Amino acid sequence: MSRAVISTVKTDHKAVVAYSGPEKCVLNKRRQRRVLRKRSYTQHALFLEHISELKIDFPSDADVQTNFDSMYNIMVNLLDRFYPEREITLTSSDRRSSHLLSRRSYGARIV
């Protein structure tokens, strides 16, 4: 068993500890709560289908700020409807954390 250990003092260095005895518990395990919006091909297809049929009209007598606020609210409501926020807990020893937080990952994005 080997593991990368993070220092308790501020540093850019890590240590790799190799150990062949019985498994030890991690004492400095950190947990982080993260909010993300998972995306799937099905969600995206439903979103695109809905958007293609959506008609957005703004009153011509309203000022620019009012129209912008209306458009922003419409976009946030669409985002919440088709890509709802999910809260996950990541730990320092979690193998999936780098994948979930990666910008290149199509399956998940941080909001």
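In region 66-84, the residues that are free of Cβ contacts under 8 Å to residues at least 24 places away in the same chain reach residues that are hydrophobic (A, V, I, L, M, F, W, C) with C-beta atoms within less than 7 angstrom, at least six apart or across chains, in these pairs: ASN67/PHE58; SER70/PHE58; ILE74/ILE56.
Between SER92, SER105, SER98, the distinction of being in contact with a helix residue (DSSP H, G or I) (Cβ under 8 Å, 6 or more places away or on another chain), at pLDDT below 90 and either surrounded by 14 or more Cβ atoms within 10 Å (Cβ to Cβ) or within 30 Å of ALA15 (Cβ to Cβ) (or both) belongs to SER105 only.
Every residue, every condition in (1) more than 21 Å from SER92 (Cα to Cα); (2) surrounded by 10 or more Cβ atoms within 10 Å (Cβ to Cβ); (3) under 23 Å from the mean Cα position of the chain (by Cα); (4) not aliphatic (A, V, I, L, M), yes or no:
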site: LYS10; (1), (2), (3), (4): no, no, no, yes
site: ALA18; (1), (2), (3), (4): no, no, no, no
site: LYS29; (1), (2), (3), (4): no, yes, yes, yes
site: ARG34; (1), (2), (3), (4): no, yes, yes, yes
site: ARG39; (1), (2), (3), (4): yes, yes, yes, yes
site: ALA45; (1), (2), (3), (4): yes, yes, yes, no
site: SER52; (1), (2), (3), (4): yes, no, no, yes
site: THR66; (1), (2), (3), (4): yes, yes, no, yes
site: ASP69; (1), (2), (3), (4): yes, yes, no, yes
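Scanning region 32-74 for residues that are touching a helix residue (DSSP H, G or I) at 6+ places or on another chain (Cβ under 6 Å) and in a loop (DSSP other than H, G, I, E, B) returns a single hit, PHE58. Here LEU79 meets each of (1) at pLDDT below 75; (2) surrounded by 10 or more Cβ atoms within 10 Å (Cβ to Cβ) with one exception, condition (1).
Quick check, is SER70 among the polar types (S, T, N, Q) and modelled with pLDDT of 75 or more? For SER70, the condition - among the polar types (S, T, N, Q) and modelled with pLDDT of 75 or more - is met.
The values are calculated or read from the model by the stated rules, or taken from the named source; none is laboratory data. Small disclaimer: the values here were computed from a predicted structure and weren't measured. Methodologically, a virtual Cβ is constructed for each residue, glycine included, from the backbone with ideal geometry; neighbour enumeration extends over all protein chains shown.
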